[in-house]
1. Within region 87-94, identify whether any single residue is surrounded by 15 or more Cβ atoms within 10 Å (Cβ to Cβ) and of a type in the set (Phe, Trp, Tyr), and answer yes or no.
2. So for region 55-69 (the condition being touching a Leu at 6+ places or on another chain (Cβ under 9 Å), under 20 Å from PHE126 (Cα atoms) and open to solvent by 70 Å² or more (accessible area, probe 1.4 Å)), does at least one residue qualify?
3. State all residues of region 111-147 that are touching a residue at least 40 places away in the same chain (Cβ under 8 Å) and open to solvent by less than 30 Å² (accessible area, probe 1.4 Å); if no residue qualifies, say none.
4. Confirm whether LEU188 is open to solvent by less than 60 Å² (accessible area, probe 1.4 Å), of a type in the set (A, V, I, L, M, F, W, C) and under 25 Å from ALA130 (Cα atoms).
5. Say we look at region 182-215 and pick out the residues that are free of Cβ contacts under 8 Å to residues at least 24 places away in the same chain and hydroxyl-bearing (Ser, Thr, Tyr); which of these is nearest to VAL68 (Cα to Cα)?
6. Return a yes/no flag: does region 158-175 have any residue that is open to solvent by less than 40 Å² (accessible area, probe 1.4 Å), among the aromatic types (Phe, Trp, Tyr) and in contact (Cβ under 8 Å) with a residue 24 or more places away in the chain.
7. Which ones in region 137-156 are out of contact with any Ser or Thr (no Cβ under 8 Å at 6 or more places or on another chain) and in a helix (DSSP H, G or I)?
8. Which ones in region 191-207 are farther than 24 Å from ASN63 by Cα, open to solvent by less than 80 Å² (accessible area, probe 1.4 Å) and not in a loop (DSSP other than H, G, I, E, B)?
Amino acid sequence: PLLAALLLAFVPRELRFGIRLIALAVTLVDLVLAVGLFLRFETGVAGYQFVQSVPWVSALGINYHVGVDGVNLGLVLLAAVVAFAATCVSWEIKFHEKEFYILLLVMSGGILGAFASLDLFFFYGFHELALVPTFIMIGVWGRGEDKNYATFKITLYLSLGALIALVGLIALYLQMPMGERTFDIERLTEYFRDHPMPGAAQQWIFPVLMFGFGI
């Protein structure tokens, strides 16, 4: 979806049908791939499957690391279904179609990336990438007289939640000793399984993360 959004940026806005067709085709391909993952997933096997890991900023323990287990596989499939359905019912959009479909694809890419991420840095990045189009889409294509007020409120709430969640994620990262710090979820899980986090740290990090992402 993110590559398609970049492609649409170079498509002339006069090609309205072509823009819609590209968005529809891309979300359909995403859906087919998600269904393929679902059908190929081996149940009863521990750990993550379809894993891909590419070093990014090794000094900070940041890697592009994605994969699925039995939980986020269902979320990836659901996100692909919703993105395709949203594209199908968006043909009533009659103005700024190009911008609308670019934002829709960016949102879809962010959601899929967040559900598949096994690195907290990319998880947070994709999560925020999915939220940014929300503000714009409600403000421009929303309905009702209070759409601008709704945009202001959701921007305020989600920005506050994102900031709180960021504090919790950084605190979690800093709980590991220097030299072993990483954003990798699998390594974090393994480390804290062998070295339980102090109760005092858990008592404030968990509520911060729950409240931040709960918003």
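The values are calculated or read from the model by the stated rules, or taken from the named source; none is laboratory data. Bear in mind that the values here come from a model prediction, so they are computed numbers and not experimental data. So basically every Cβ, Gly included, is an ideal-geometry build from the backbone, and we count neighbours across all protein chains shown. We work out accessible area using only protein heavy atoms, side chains counted, and drop any ligands, DNA or RNA first. Shrake-Rupley method; radii C 1.70, N 1.55, O 1.52, S 1.80 Å.
1. No, because not a single residue in region 87-94 is surrounded by 15 or more Cβ atoms within 10 Å (Cβ to Cβ) and of a type in the set (Phe, Trp, Tyr).
2. No, because not a single residue in region 55-69 is touching a Leu at 6+ places or on another chain (Cβ under 9 Å), under 20 Å from PHE126 (Cα atoms) and open to solvent by 70 Å² or more (accessible area, probe 1.4 Å).
3. GLY113, ALA116, SER117, LEU118, ASP119, LEU120
4. yes
5. Once the filter is applied, the top-ranked residue is THR189.
6. Yes: region 158-175 contains one or more residues that are open to solvent by less than 40 Å² (accessible area, probe 1.4 Å), among the aromatic types (Phe, Trp, Tyr) and in contact (Cβ under 8 Å) with a residue 24 or more places away in the chain.
7. Of everything in region 137-156, those that are out of contact with any Ser or Thr (no Cβ under 8 Å at 6 or more places or on another chain) and in a helix (DSSP H, G or I) turn out to be MET137, VAL140, TRP141, LYS147, ASN148, TYR149, ALA150, THR151, PHE152, LYS153, THR155, LEU156.
8. GLY199, ALA200, ALA201, PRO207
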